[in-house]
Amino acid sequence: MPQASTAVADRPQGASRRPPAGSDFAPLLRTVKAQGLLERRTGWYARSVIANAAALTAVAVGLFALGHTWWVLLLAPVLSVLCVRTAFIGHDAGHSQITGNRTAARLIGLFHGNLLLGMSVSWWNDKHNRHHANPNHIEKDPDVAADVLVFTSKQAGVRVGFRRWLTRHQAWLFFPLTLLQGIAMKVYGFQGLRRQSPRGRAVEGTLLVAHLVGYGALLLAAMPLGHALAFAALHQALFGLHLGMAFAPNHKGMEMPNPDGEHWGHLQRQVLTSRNIRGGQVTDWLLGGLNYQIEHHLFPSMPRPHLRLAQPLVRAHCHAVGMPYAETGLIDSYRQVLRHMYEVGEPLRAE
């Protein structure tokens with residue numbers, strides 16, 4: 001695995017600089033509130049939901065128009081991109097970015113997550129909220145718990161059998177494994193039904209089954225079985241890859257709080273563990289605003305279109321208090337992620 005390029009601007013090598021003891025999140029919060037950046041953008045989200053629904057409908061019509069030819073496979077990448085847009089809407093609803101009404105937010109999440117994608121919104125929100133509370137904390141963040149991949153040398157050292165082989169080669173396998181991410185999230189959603197109340201289990205389980213039945217029925221009605229199987233495989237693989245490419249740069253390879261170490265305040269806990277991705281409106285669209293990961297973690301309920309506006313304020317505040325602010329290009333972010341995965345698995349390759 002080739003070495004990645006130099007570290008991001010403002011991110012020190014080795015032990016990171018710590019901000020002064022008097023650093024505080026409150027002044028930044030006051031500034032952000034004063035500029036109205038926490039106010040919701042209902043109209044913006046309404047337009048986004050309508051545009052996404054219209055695009056999904058157009059693809060469904062296209063399936064019937066091209067279904068009896070192999071040209072229909074060209075719609076699989078288009079549908080995968082639109083499904084990730086759908087996931088971003090569900091993600092924002094879960095953070096109360098779209099509406100402060102909990103019932104409305106849950107209905108938006110159920111429609112976009114459970115019904116359209118077959119992904120349990122309750123499972124996702126529980127997992128994602130724990131991640132936001134303690135990002136990159138090895139004992140509290142489920143996103144860095146040892147599973148198929150591991151994120152620390154301690155996790156790597158106890159791997160045995162096939163998982164030990166996976167860890168040796170996880171840098172090379174990282175993106176190929178994301179091809180299965182879409183399917184895995186559907187499976188996790190069904191597994192998570194066990195932890196829900198009977199009413200929640202009935203509602204979410206019904207919608208998850210409705211998604212599977214509806215998805216299969218749509219493909220089989222639009223095209224022959226062989227075409228349908230090929231389309232589903234390509235669509236789900238690209239959906240998982242796109243999700244992985246959107247979420248991978250955000251925290252992997254960034255600082256991991258020491259469970260037994262010093263206490264980190266909100267500003268330190270969210271900024272030092274997150275990485276921003278530079279880019280324009282195309283990057284914002286492709287990554288669903290997650291390229292402003294630092295701002296999103298500091299202000300989870302901030303509407304997506306306001307994250308770009310908040311970035312200069314957050315960057316200036318971090319510089320003022322002497323806190324590193326990690327920001328890099330998209331390709332370099334992947335290099336950093338893969339380098340971290342490579343280094344974690346390196347001791348096992350030396351055996």
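Okay, here's what the table says:
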read-out: Per-region count, the range 267-284, residues farther than 12 Å from Glu327 by Cβ, more than 17 Å from the chain's Cα centre (by Cα) and surrounded by 14 or more Cβ atoms within 10 Å (Cβ to Cβ); value: 4
read-out: One residue from Leu166, Leu117, Leu149 being under 30 Å from Ile50 (Cα atoms) and of a type outside the set (Asp, Glu); value: Leu117
read-out: Total residues in the range 28-64, condition basic (Lys, Arg) and in contact (Cβ under 8 Å) with a residue 12 or more places away in the chain; value: 2
read-out: Selected residue (only one of Pro259, Pro300 is modelled with pLDDT under 95, in a loop (DSSP other than H, G, I, E, B) and not hydroxyl-bearing (Ser, Thr, Tyr)); value: Pro259
read-out: The listed residue being of a type in the set (A, V, I, L, M, F, W, C) and within 23 Å of Cys83 (Cα to Cα), out of Ala171, Ala217; value: Ala217
read-out: Lone qualifier among Thr206, Thr273 - being part of a helix (DSSP H, G or I), hydroxyl-bearing (Ser, Thr, Tyr), over 18 Å from Arg85 (Cα atoms) and at pLDDT 95 or above; value: Thr206
read-out: The range 36-67, residues that are surrounded by 13 or more Cβ atoms within 10 Å (Cβ to Cβ) and not in a helix (DSSP H, G or I); value: Leu37, Leu38, Arg40, Arg41, Gly67
read-out: Tyr342 being in contact with a Cys (Cβ under 9 Å, 6 or more places away or on another chain) and in contact (Cβ under 8 Å) with a residue 60 or more places away in the chain; value: no
read-out: Lone qualifier among Gly200, Gly157 - being under 22 Å from Pro347 (Cβ atoms) and touching a residue at least 40 places away in the same chain (Cβ under 8 Å); value: Gly157
read-out: Hits in the range 132-168 (condition: within 25 Å of the chain's Cα centre (by Cα), over 20 Å from Leu180 (Cβ atoms) and of a type outside the set (D, E, K, R)); value: His132, Ala133, Asn134, Pro135, Asn136, His137, Ile138, Thr152, Ser153, Gln155, Ala156
read-out: Among the candidates Leu166, Leu212, Leu173, residue that is under 24 Å from Leu117 (Cα atoms) and part of a helix (DSSP H, G or I); value: Leu212
read-out: Some residue of the range 160-174 being surrounded by 14 or more Cβ atoms within 10 Å (Cβ to Cβ), more than 30 Å from Ala350 (Cβ to Cβ) and at pLDDT below 95; value: no
read-out: Considering residues of the range 72-102 that are assigned to a loop (DSSP other than H, G, I, E, B) and buried (at least 24 other Cβ atoms within 10 Å of the Cβ) only, the residue farthest from the chain's Cα centre (by Cα); value: Ile98
read-out: Check on Leu110, buried (at least 16 other Cβ atoms within 10 Å of the Cβ), under 22 Å from Leu241 (Cα atoms), of a type outside the set (D, E, K, R) and touching a residue at least 60 places away in the same chain (Cβ under 8 Å); value: no
read-out: Some residue of the range 326-335 being farther than 26 Å from Arg40 by Cβ, of a type in the set (A, V, I, L, M) and assigned to a helix (DSSP H, G or I); value: yes
read-out: Failed condition for Lys252, given (1) among the charged types (D, E, K, R); (2) under 18 Å from the mean Cα position of the chain (by Cα); (3) surrounded by fewer than 17 Cβ atoms within 10 Å (Cβ to Cβ); value: (3)
read-out: Residue match in the range 223-234 (condition: closer than 27 Å to Ala145 by Cβ and at pLDDT 95 or above); value: no
read-out: Positions within the range 271-285 being farther than 18 Å from Pro303 by Cβ and not small (Gly, Ala, Ser), in sequence order; value: Val271, Leu272, Thr273, Arg275, Ile277, Arg278, Val282
read-out: Condition broken by Arg308, with the remaining ones in (1) outside any helix (DSSP H, G or I); (2) touching a helix residue (DSSP H, G or I) at 6+ places or on another chain (Cβ under 8 Å); (3) charged (D, E, K, R) satisfied; value: (1)
read-out: Given (1) assigned to a helix (DSSP H, G or I); (2) of a type in the set (Phe, Trp, Tyr); (3) surrounded by 14 or more Cβ atoms within 10 Å (Cβ to Cβ), number of the condition Phe151 does not satisfy; value: (1)
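The values are calculated or read from the model by the stated rules, or taken from the named source; none is laboratory data. Only a predicted model underlies this, so the values are computations on that prediction, with no experimental measurement involved. A quick note on method: Cβ atoms are made from the backbone with ideal geometry, for glycine too, and the neighbour counts reach across all protein chains shown.
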